[in-house]
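The values are calculated or read from the model by the stated rules, or taken from the named source; none is laboratory data. Only a predicted model underlies this, so the values are computations on that prediction, with no experimental measurement involved. Because the Cβ atoms are built from the backbone with ideal geometry, glycine has one as well, and the counts that use them run over all protein chains shown. Each accessible area value is taken on the protein alone, full model and side chains, heavy atoms only, with ligands, DNA and RNA left out. Shrake-Rupley method; radii C 1.70, N 1.55, O 1.52, S 1.80 Å.
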Amino acid sequence: MRTKNDWITILENCNKVVQKKIPPLLQKVAEPPVDYGIGAGGDLIKKVDLEAETAIVNTLKKAKVSCTIISEETGTIKIGKTPEENYVILDPIDGSTNFTRGIPFYATSIAVSKNQTLDGVHTALVSDLIHNITYTAIKKQGAYKNNEKITPSKIKSFEKATIGVDLNTDQPKTLKSLAKLLIKIPHLRHFGANALELCYVADGTIDAFIDIRGKLRTTDLAAAFLILKESNATIMTLKGDPLTEKMAPTEKIAFVAAGNSQIFSQIVKELSN
Ligand code: IPD
Ligand code: CA
(Lines give C-alpha, C1' and ligand atoms only; values in the text may rest on other atoms or scores of the structure.)
(Ligands and ions follow the chains in the order given, each with its own letter.)
Protein backbone atom coordinates (compact mmCIF):
# COMPACT_ATOMS: atom_id res chain seq x y z
CA MET A 1 0.00 0.00 0.00
CA ARG A 2 1.19 3.54 -0.84
CA THR A 3 1.97 5.78 2.09
CA LYS A 4 1.10 9.49 2.13
CA ASN A 5 4.78 10.25 1.60
CA ASP A 6 4.85 8.04 -1.52
CA TRP A 7 1.88 10.02 -2.80
CA ILE A 8 3.52 13.41 -2.28
CA THR A 9 6.51 12.23 -4.35
CA ILE A 10 4.13 11.11 -7.11
CA LEU A 11 2.29 14.46 -7.04
CA GLU A 12 5.59 16.34 -7.19
CA ASN A 13 6.52 14.29 -10.28
CA CYS A 14 3.16 15.19 -11.85
CA ASN A 15 3.92 18.86 -11.14
CA LYS A 16 7.34 18.60 -12.80
CA VAL A 17 5.92 17.14 -16.02
CA VAL A 18 3.21 19.82 -16.22
CA GLN A 19 5.79 22.58 -15.63
CA LYS A 20 7.79 21.28 -18.61
CA LYS A 21 4.69 21.47 -20.84
CA ILE A 22 3.96 25.15 -20.12
CA PRO A 23 6.76 27.14 -21.91
CA PRO A 24 6.17 25.65 -25.42
CA LEU A 25 2.40 26.02 -25.02
CA LEU A 26 2.80 29.65 -23.96
CA GLN A 27 4.52 30.35 -27.28
CA LYS A 28 1.42 29.11 -29.10
CA VAL A 29 -1.30 31.02 -27.20
CA ALA A 30 -1.66 33.58 -30.00
CA GLU A 31 -2.61 30.83 -32.51
CA PRO A 32 -6.35 30.49 -33.36
CA PRO A 33 -8.10 28.30 -30.77
CA VAL A 34 -8.87 24.66 -31.69
CA ASP A 35 -12.26 23.17 -30.75
CA TYR A 36 -11.64 20.39 -28.22
CA GLY A 37 -15.27 20.26 -27.08
CA ILE A 38 -16.72 20.65 -23.61
CA GLY A 39 -15.01 19.11 -20.57
CA ALA A 40 -16.68 17.05 -17.81
CA GLY A 41 -16.84 20.24 -15.73
CA GLY A 42 -18.92 22.01 -18.41
CA ASP A 43 -16.34 24.49 -19.77
CA LEU A 44 -14.70 24.64 -23.21
CA ILE A 45 -11.53 22.55 -23.16
CA LYS A 46 -8.31 24.36 -24.05
CA LYS A 47 -5.12 22.78 -25.39
CA VAL A 48 -3.26 23.52 -22.16
CA ASP A 49 -5.97 21.72 -20.10
CA LEU A 50 -5.67 18.58 -22.21
CA GLU A 51 -1.88 18.56 -22.32
CA ALA A 52 -1.64 19.00 -18.55
CA GLU A 53 -4.25 16.31 -17.89
CA THR A 54 -2.55 13.81 -20.23
CA ALA A 55 0.85 14.51 -18.65
CA ILE A 56 -0.55 13.87 -15.15
CA VAL A 57 -2.46 10.72 -16.12
CA ASN A 58 0.65 9.30 -17.83
CA THR A 59 2.77 10.09 -14.76
CA LEU A 60 0.28 8.28 -12.52
CA LYS A 61 0.30 5.28 -14.88
CA LYS A 62 4.11 5.27 -14.88
CA ALA A 63 4.11 5.25 -11.08
CA LYS A 64 1.94 2.10 -11.31
CA VAL A 65 -0.70 3.38 -8.91
CA SER A 66 -4.23 2.05 -8.82
CA CYS A 67 -6.69 4.91 -8.66
CA THR A 68 -9.83 6.55 -9.92
CA ILE A 69 -8.90 9.91 -11.42
CA ILE A 70 -11.64 12.52 -11.29
CA SER A 71 -10.63 15.31 -13.61
CA GLU A 72 -12.28 18.51 -14.74
CA GLU A 73 -11.68 17.69 -18.39
CA THR A 74 -12.13 13.95 -19.08
CA GLY A 75 -14.19 13.15 -15.99
CA THR A 76 -13.51 9.70 -14.53
CA ILE A 77 -10.49 7.62 -15.56
CA LYS A 78 -9.70 4.36 -13.80
CA ILE A 79 -6.15 3.03 -13.77
CA GLY A 80 -4.55 -0.05 -12.18
CA LYS A 81 -6.11 -3.22 -10.78
CA THR A 82 -7.91 -1.74 -7.76
CA PRO A 83 -8.96 1.77 -8.81
CA GLU A 84 -11.44 2.14 -5.93
CA GLU A 85 -8.53 2.14 -3.43
CA ASN A 86 -7.57 5.76 -4.16
CA TYR A 87 -9.19 8.82 -5.71
CA VAL A 88 -7.07 11.45 -7.45
CA ILE A 89 -8.99 14.69 -7.86
CA LEU A 90 -7.57 16.88 -10.53
CA ASP A 91 -7.87 20.31 -12.02
CA PRO A 92 -5.04 20.15 -14.59
CA ILE A 93 -5.05 23.95 -15.06
CA ASP A 94 -6.95 26.21 -12.68
CA GLY A 95 -7.09 29.66 -14.26
CA SER A 96 -6.94 28.54 -17.88
CA THR A 97 -8.46 31.84 -19.07
CA ASN A 98 -5.53 33.61 -17.40
CA PHE A 99 -3.20 31.26 -19.29
CA THR A 100 -4.74 32.03 -22.69
CA ARG A 101 -4.76 35.79 -22.00
CA GLY A 102 -1.16 35.82 -20.80
CA ILE A 103 -2.10 36.74 -17.24
CA PRO A 104 0.61 35.15 -15.06
CA PHE A 105 -1.62 33.43 -12.51
CA TYR A 106 -2.64 29.79 -12.97
CA ALA A 107 -2.04 26.51 -11.22
CA THR A 108 -2.24 22.75 -11.25
CA SER A 109 -4.29 21.25 -8.45
CA ILE A 110 -4.10 17.56 -7.41
CA ALA A 111 -5.60 15.90 -4.34
CA VAL A 112 -5.50 12.28 -3.21
CA SER A 113 -8.32 10.86 -1.14
CA LYS A 114 -9.47 7.53 0.18
CA ASN A 115 -13.01 8.28 -0.93
CA GLN A 116 -14.99 10.86 -2.89
CA THR A 117 -15.58 13.24 0.02
CA LEU A 118 -13.52 16.34 0.82
CA ASP A 119 -12.64 15.20 4.31
CA GLY A 120 -11.11 12.01 2.87
CA VAL A 121 -8.36 14.04 1.13
CA HIS A 122 -5.02 13.12 2.73
CA THR A 123 -2.41 14.49 0.32
CA ALA A 124 -2.55 17.66 -1.77
CA LEU A 125 -0.50 19.80 -4.12
CA VAL A 126 -1.26 23.15 -5.75
CA SER A 127 1.47 24.43 -8.02
CA ASP A 128 1.74 28.07 -9.11
CA LEU A 129 3.03 27.33 -12.61
CA ILE A 130 4.46 30.80 -13.17
CA HIS A 131 6.28 31.68 -9.99
CA ASN A 132 7.79 28.28 -9.19
CA ILE A 133 5.88 28.01 -5.94
CA THR A 134 4.40 24.71 -4.81
CA TYR A 135 1.97 24.34 -1.93
CA THR A 136 1.67 20.86 -0.41
CA ALA A 137 -0.09 19.26 2.53
CA ILE A 138 -0.34 15.85 4.10
CA LYS A 139 -3.16 15.22 6.58
CA LYS A 140 -2.02 15.84 10.17
CA GLN A 141 1.45 16.96 8.97
CA GLY A 142 0.85 20.64 8.20
CA ALA A 143 0.86 22.72 5.03
CA TYR A 144 3.97 23.87 3.17
CA LYS A 145 5.03 26.41 0.54
CA ASN A 146 8.19 25.24 -1.21
CA ASN A 147 8.80 22.96 1.81
CA GLU A 148 8.51 25.78 4.39
CA LYS A 149 5.67 25.44 6.87
CA ILE A 150 2.89 27.99 6.35
CA THR A 151 0.38 29.61 8.67
CA PRO A 152 -2.52 31.92 7.82
CA SER A 153 -2.98 35.61 8.57
CA LYS A 154 -3.29 36.82 12.14
CA ILE A 155 -5.13 39.98 11.10
CA LYS A 156 -8.35 39.85 13.06
CA SER A 157 -9.85 43.18 12.13
CA PHE A 158 -11.99 43.36 9.03
CA GLU A 159 -11.00 47.04 8.59
CA LYS A 160 -7.38 46.01 7.89
CA ALA A 161 -8.11 42.95 5.78
CA THR A 162 -7.30 42.06 2.18
CA ILE A 163 -10.08 39.82 0.95
CA GLY A 164 -10.59 37.93 -2.28
CA VAL A 165 -14.13 37.66 -3.65
CA ASP A 166 -15.07 35.69 -6.75
CA LEU A 167 -17.80 37.63 -8.59
CA ASN A 168 -17.19 35.89 -11.91
CA THR A 169 -20.55 35.37 -13.69
CA ASP A 170 -22.31 35.94 -10.39
CA GLN A 171 -26.10 36.06 -10.26
CA PRO A 172 -28.26 38.94 -8.93
CA LYS A 173 -29.27 36.91 -5.85
CA THR A 174 -25.74 36.41 -4.50
CA LEU A 175 -24.55 39.79 -5.74
CA LYS A 176 -27.28 41.40 -3.70
CA SER A 177 -26.23 39.64 -0.50
CA LEU A 178 -22.57 40.47 -1.21
CA ALA A 179 -23.18 44.15 -1.99
CA LYS A 180 -23.13 45.44 1.59
CA LEU A 181 -19.99 43.46 2.35
CA LEU A 182 -18.16 44.55 -0.81
CA ILE A 183 -18.33 48.26 -0.03
CA LYS A 184 -16.80 47.60 3.39
CA ILE A 185 -13.84 45.52 2.21
CA PRO A 186 -10.82 47.84 2.38
CA HIS A 187 -8.70 45.82 -0.08
CA LEU A 188 -10.70 43.71 -2.52
CA ARG A 189 -9.01 41.17 -4.87
CA HIS A 190 -9.72 38.41 -7.38
CA PHE A 191 -6.94 36.95 -9.49
CA GLY A 192 -8.80 34.25 -11.49
CA ALA A 193 -7.51 30.92 -10.15
CA ASN A 194 -9.39 29.97 -7.01
CA ALA A 195 -7.18 27.02 -6.01
CA LEU A 196 -4.21 29.37 -5.82
CA GLU A 197 -6.17 32.15 -4.13
CA LEU A 198 -7.15 29.69 -1.40
CA CYS A 199 -3.47 28.85 -0.92
CA TYR A 200 -2.95 32.61 -0.46
CA VAL A 201 -5.32 32.39 2.50
CA ALA A 202 -3.37 29.38 3.81
CA ASP A 203 -0.06 31.28 3.77
CA GLY A 204 -1.46 34.65 4.93
CA THR A 205 -0.91 36.51 1.64
CA ILE A 206 -4.59 37.47 1.86
CA ASP A 207 -6.86 37.28 4.90
CA ALA A 208 -9.91 35.62 3.38
CA PHE A 209 -11.46 34.38 0.14
CA ILE A 210 -15.18 34.27 -0.53
CA ASP A 211 -16.95 32.34 -3.27
CA ILE A 212 -20.67 32.09 -2.58
CA ARG A 213 -21.73 31.87 -6.26
CA GLY A 214 -22.28 28.11 -5.96
CA LYS A 215 -20.39 27.75 -9.25
CA LEU A 216 -16.95 26.52 -8.26
CA ARG A 217 -16.35 22.85 -9.01
CA THR A 218 -15.21 20.64 -6.15
CA THR A 219 -12.39 19.45 -8.44
CA ASP A 220 -10.95 23.01 -8.31
CA LEU A 221 -11.09 23.11 -4.54
CA ALA A 222 -10.10 19.61 -3.34
CA ALA A 223 -6.33 20.15 -2.94
CA ALA A 224 -6.57 23.70 -1.57
CA PHE A 225 -9.14 22.43 0.96
CA LEU A 226 -6.53 20.22 2.69
CA ILE A 227 -3.79 22.89 2.37
CA LEU A 228 -6.10 25.39 4.11
CA LYS A 229 -7.09 22.94 6.85
CA GLU A 230 -3.51 21.92 7.51
CA SER A 231 -2.40 25.56 7.72
CA ASN A 232 -5.08 26.06 10.41
CA ALA A 233 -7.17 28.41 8.30
CA THR A 234 -10.95 28.06 8.26
CA ILE A 235 -13.12 27.02 5.33
CA MET A 236 -16.84 26.48 5.80
CA THR A 237 -20.25 27.14 4.38
CA LEU A 238 -21.88 30.52 4.97
CA LYS A 239 -23.74 28.95 7.87
CA GLY A 240 -20.52 27.83 9.50
CA ASP A 241 -21.05 24.17 8.57
CA PRO A 242 -18.30 21.88 7.26
CA LEU A 243 -18.10 21.39 3.48
CA THR A 244 -19.45 17.95 2.68
CA GLU A 245 -19.92 18.04 -1.11
CA LYS A 246 -18.92 15.03 -3.18
CA MET A 247 -15.81 15.49 -5.31
CA ALA A 248 -16.94 15.41 -8.95
CA PRO A 249 -16.52 17.83 -11.88
CA THR A 250 -20.27 18.51 -11.91
CA GLU A 251 -20.53 19.11 -8.15
CA LYS A 252 -20.47 22.82 -7.20
CA ILE A 253 -19.60 24.45 -3.91
CA ALA A 254 -20.05 27.78 -2.07
CA PHE A 255 -17.78 28.76 0.85
CA VAL A 256 -15.99 31.33 2.95
CA ALA A 257 -12.30 30.72 3.69
CA ALA A 258 -10.53 32.87 6.28
CA GLY A 259 -7.20 33.02 8.05
CA ASN A 260 -8.82 32.95 11.46
CA SER A 261 -12.21 32.55 13.11
CA GLN A 262 -12.56 36.27 13.92
CA ILE A 263 -12.33 37.33 10.26
CA PHE A 264 -14.59 34.41 9.30
CA SER A 265 -17.26 35.48 11.81
CA GLN A 266 -17.13 39.12 10.70
CA ILE A 267 -17.63 38.12 7.06
CA VAL A 268 -20.51 35.79 7.87
CA LYS A 269 -22.10 38.45 10.08
CA GLU A 270 -21.89 41.07 7.30
CA LEU A 271 -23.30 38.62 4.76
CA SER A 272 -26.24 37.69 6.95
CA ASN A 273 -27.17 41.34 7.57
C1 IPD B 1 -11.83 28.85 -12.78
C2 IPD B 1 -11.05 29.75 -11.82
C3 IPD B 1 -11.78 31.05 -11.66
C4 IPD B 1 -13.21 30.84 -11.16
C5 IPD B 1 -13.97 29.90 -12.09
C6 IPD B 1 -13.21 28.60 -12.24
P7 IPD B 1 -10.77 26.99 -14.35
O8 IPD B 1 -11.20 27.61 -12.90
O9 IPD B 1 -10.84 29.12 -10.58
O10 IPD B 1 -11.10 31.87 -10.75
O11 IPD B 1 -13.88 32.07 -11.15
O12 IPD B 1 -15.26 29.65 -11.53
O13 IPD B 1 -13.93 27.78 -13.17
O14 IPD B 1 -12.02 26.93 -15.18
O15 IPD B 1 -9.77 27.90 -14.95
O16 IPD B 1 -10.25 25.66 -13.98
CA1 CA C 1 -9.45 23.94 -15.08
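Structural remarks
- The chain - percent relative contact order, Cα under 8 Å, separation 6 or more: 18 percent
- Taking all pairs of distinct alpha-carbon atoms in region 95-188, Kirkwood radius in angstrom: 16.4 Å
- For region 128-191 and region 196-236, distance of Cα centres in Å: 7 Å
- The calculated Kirkwood hydrodynamic radius for the chain is 18.6 Å, given to one decimal from all distinct C-alpha pairs.
- Spin-label zone in region 158-181 - amide nitrogen under 18 Å from a point set 7 Å from the Cα of residue 190 along the C-beta vector: 162-181
- For the chain, the solvent-accessible area works out to 46 Å² per residue, with a probe of 1.4 Å and every protein chain left in place.
- With 0.36 nm allotted per residue and the present C-alpha distance subtracted, the residue 175-residue 5 stretch has 57.0 nm of extension available.
- Principal-axis analysis of the Cα atoms of the chain puts helix 4-26 at an angle of about 90° to the longest axis.
- In the chain, helical runs assigned H by DSSP with n ≥ 4 each contribute -39500 (n - 2.57); averaged across all residues and rounded to the nearest 500, the mean residue ellipticity at 222 nm is -10500 deg cm²/dmol.
- Prolate/oblate/rounded label for region 83-138 (Cα gyration tensor, a/c 1.5): prolate
- Among the protein heavy atoms of the chain, carbon and sulfur supply 53% of the accessible surface, probe 1.4 Å, non-protein parts ignored.
- Across all directions, the average projected area of the convex hull around the alpha carbons of region 14-166 is 10.9 nm².
- Debye log10 I(q)/I(0) at q = 0.16, 0.23, 0.25, 0.29 Å⁻¹ for region 216-273, Cα point scatterers: -0.49, -0.92, -1.03, -1.20
- DSSP-defined beta bridges in the chain - what % are antiparallel, rounded to 5: 80 percent
- Spatial offset of region 50-80 relative to region 6-24 amounts to 13 Å, using the alpha carbon center of each.
- Rounded to the nearest 10 degrees, the inclination of helix 261-272 to the longest alpha-carbon principal axis of the chain is 70 degrees.
- Residue-wise HN-Hα couplings along region 111-117, as the Karplus relation 6.51 cos²θ - 1.76 cosθ + 1.60 with θ = phi - 60° gives them from phi, are 10, 10, 9, 8, 8, 9, 10 Hz; Gly and Pro carry x.
- In sequence order, region 158-172 has phi-based couplings of 4, 4, 9, 8, 10, 10, x, 9, 8, 10, 4, 6, 6, 9, x Hz under the Karplus curve 6.51 cos²θ - 1.76 cosθ + 1.60, θ = phi - 60°, and Gly or Pro positions carry x.
- 20 °C / 1.002 mPa s Stokes-Einstein diffusion coefficient of region 118-273, Kirkwood radius on C-alpha pairs, µm²/s: 140 µm²/s
- Taking region 57-72 and a reference point 7 angstrom along Cα→Cβ of residue 13, the backbone N atoms nearer than 15 Å belong to 57-67.
- Computing FRET efficiency as 1/(1 + (r/R0)^6) for residue 244 and residue 269, where r is the C-beta to C-beta distance and R0 is 30 Å, gives about 0.85.
- Between 177, 66, 96, the GNM of the chain built on Cα springs shorter than 10 angstrom shows 177 fluctuating the most.
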